[in-house]
C-alpha cells in the first residue's frame, strides 16, 4: 500500500493540506499529517491542526511527500533541513513523488533546487514566478512533470488531490464522483 506524507508547519494553508489528506484517505491511501514544528500547529487562517507525527528519518519511507502552501507555512517547510534533503533524494527516484501547491513550488522546491528545467505551476504573481526562474513556469491548474506534481492554490486543491491519487495508481473518478465533482 502507498504511503503519503502531507507536510505541515505553522502557517500552512489548511484547504490545501486537509483536502489532500481527505481525498487520499477516501481512496484508501495511508496519508499521515507530518509537522516540521510541534505536533499542534496553527494554520494560515488560525485553525489548529494536530499532526499525526513530527518529522523524523521515517519520512524517507513514504512514497509521496505533499507540500501545501500558505504563508508563512511554505517558508517554515523550506526551513527544515531534513525535509529539504529528503525532497532532493525523492526528486532523483522515479518511484517517489513530490506534490507542491500554491507558494510551496516557488518557496520549497526552489530551496531544494529541484524545480530546475521542470514544468511547474504555482500561486500566480511575479514574486513566485521569479523564484521559479530556473523552471518552465506554466499557468496550468495542475502540472505534472515526471515525479513532480504542482498546482496553483486553494481553489485547485481538489484537482490537485485527485491527480495525486491517480499518480499513485488509484482510481480517482469514483472518489471525485462521490464528492460530486462531476456536478461542477
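The values are calculated or read from the model by the stated rules, or taken from the named source; none is laboratory data. Everything quoted here is computed from the prediction, not taken from an experiment. A quick note on method: Cβ atoms are made from the backbone with ideal geometry, for glycine too, and the neighbour counts reach across all protein chains shown.
Mind telling me which of the residues 46, 10 ends up being more than 23 Å from residue 91 (Cα to Cα), outside any helix (DSSP H, G or I) and without any contact (Cβ under 8 Å) to a residue 12 or more places away in the chain?
Step by step, each of 46, 10 is checked, and only 46 is more than 23 Å from residue 91 (Cα to Cα), outside any helix (DSSP H, G or I) and without any contact (Cβ under 8 Å) to a residue 12 or more places away in the chain.
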Problem set entry | Of all residues making up the stretch 69-119, the number that are part of a loop (DSSP other than H, G, I, E, B), buried (at least 21 other Cβ atoms within 10 Å of the Cβ) and out of contact with any strand residue (DSSP E or B) (no Cβ under 6 Å at 6 or more places or on another chain) | 5
For this session: From (1) modelled with pLDDT of 95 or more; (2) surrounded by fewer than 24 Cβ atoms within 10 Å (Cβ to Cβ), pick out the condition that doesn't hold for residue 129.
Result: (1)
Exercise. So residue 162 clears everything in (1) assigned to a loop (DSSP other than H, G, I, E, B); (2) closer than 19 Å to residue 21 by Cα except one condition, right? Which one?
Worked result: (1)
For this session: Look through the stretch 36-64, keep the residues that are touching a strand residue (DSSP E or B) at 6+ places or on another chain (Cβ under 6 Å) and crowded, with 23+ Cβ neighbours inside 10 Å, and return whichever of them is farthest from residue 156 (Cα to Cα).
Result: 41
Seminar exercise, completed: Pairs returned, first residue in the stretch 142-158 that is assigned to a helix (DSSP H, G or I), second residue that is surrounded by fewer than 24 Cβ atoms within 10 Å (Cβ to Cβ), beta-carbon separation under 7 angstrom, 6 or more apart or interchain, are 154/15; 156/141; 156/142; 157/15; 157/19; 158/19; 158/181
Seminar exercise, completed: For residue 60, the lone unmet condition from (1) in a helix (DSSP H, G or I); (2) in contact (Cβ under 8 Å) with a residue 40 or more places away in the chain; (3) in contact with a helix residue (DSSP H, G or I) (Cβ under 7 Å, 6 or more places away or on another chain); (4) more than 22 Å from residue 124 (Cα to Cα) is (2)
